Amino acid sequence: MRLINSRQINSGPGNEGKNKIRIFDQNMDLVNVFGLLATVCTIAMMLAGLPLCTQMMKEGTQNVQLFPFVAFFVNCMLWSEYGLLKLDMAVIIVNMTGCILEGLYILVYFRCTKNKMLVLHQVFGAFCIIFPSLVYAKFVASNLRKALSVLGMICIAASVVNFGSPLAAIKRVMQTKSTESMSLLWCLIAAVTAFQWTIYGYLRDDNNIIIPNAIGFGLGVFQLALIYRYKPKVVLPTKSSDVTM
């Protein structure tokens, strides 16, 4: 009688499917983990607009720009539709939350500003981008793959527009050689969040998620490098014995 070892049994044709299922389950576990981490971190970053709302209600909007709110609202609306088409719960939850929060921020800005026409013009421009994109993806595209492809490119473009704030901060630092206007904690969280979404996109095999977040991660790392390069010098206190009268 010939003995068959366990390695031969495990490598048999009947176990090949089980091995594939096990690998698939492990991959889905990673997808869920990174999806949850990225979702929590992104929503936490979105909540950073609440102190600005308090500032606007107390001091007005003279020191607050409207465009970042509108741009982020457009971004979230487009990505929400992308997530709904692809049935991606992480993308749906994050961007639906973003739509609600950014809509709230815009309403607070509208209530507190004296230039209400500026708000109306920018919101109208936002819907001129959102509405045609959603109509095409929902009713005009010949199939789901085509809809996801076109809407994905639009989402990438919208995400790149949102990089305006980090780029402006980087330009300011390069000009002033000072990073006082940059928060180390904020830049670190932004870089980590972008990295999480990049990994999530890789696990989901979705280049539309990978590309903008990889760019965002690169910008975050560059900001951290600038903070390290131009960190404020620590001035040691002068010893009393060194002071001359």
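The values are calculated or read from the model by the stated rules, or taken from the named source; none is laboratory data. Quantities reported herein were computed from a predicted structural model and do not represent experimental measurements. Note that each Cβ is placed from the backbone with ideal geometry, even for glycine, and that neighbours are counted across all protein chains shown.
If you scan segment 179-189, which residues turn out to be surrounded by 17 or more Cβ atoms within 10 Å (Cβ to Cβ) and over 15 Å from residue 168 (Cα atoms)?
189
I'm checking my understanding of the structure. Among residues of segment 180-232 that are out of contact with any Lys or Arg (no Cβ under 7 Å at 6 or more places or on another chain) and hydroxyl-bearing (Ser, Thr, Tyr), which one is farthest from residue 40 (Cα to Cα)?
228
Kindly list the number of the only condition in (1) surrounded by fewer than 20 Cβ atoms within 10 Å (Cβ to Cβ); (2) over 13 Å from the mean Cα position of the chain (by Cα); (3) on the phi < 0 side of the Ramachandran plot that fails for residue 192.
Among (1) surrounded by fewer than 20 Cβ atoms within 10 Å (Cβ to Cβ); (2) over 13 Å from the mean Cα position of the chain (by Cα); (3) on the phi < 0 side of the Ramachandran plot, the lone unmet condition for residue 192 is (2).
Condition first: at pLDDT 95 or above and of a type in the set (Ser, Thr, Tyr). Now tell me which residues in segment 57-104 satisfy that.
Of everything in segment 57-104, those that are at pLDDT 95 or above and of a type in the set (Ser, Thr, Tyr) turn out to be 80, 82, 97.
Out of all the residues in segment 51-86, which are assigned to a loop (DSSP other than H, G, I, E, B), out of contact with any Leu (no Cβ under 7 Å at 6 or more places or on another chain) and crowded, with 18+ Cβ neighbours inside 10 Å?
Listed by number, the list holds a single entry, 61.
Determine which single condition residue 173 fails, assuming it passes every other condition in (1) within 20 Å of residue 79 (Cβ to Cβ); (2) in contact with a helix residue (DSSP H, G or I) (Cβ under 7 Å, 6 or more places away or on another chain).
(1)
Against the conditions (1) in contact with a helix residue (DSSP H, G or I) (Cβ under 8 Å, 6 or more places away or on another chain); (2) modelled with pLDDT of 90 or more, where does residue 107 fall short? Just the number, please.
Exception for residue 107: condition (1).
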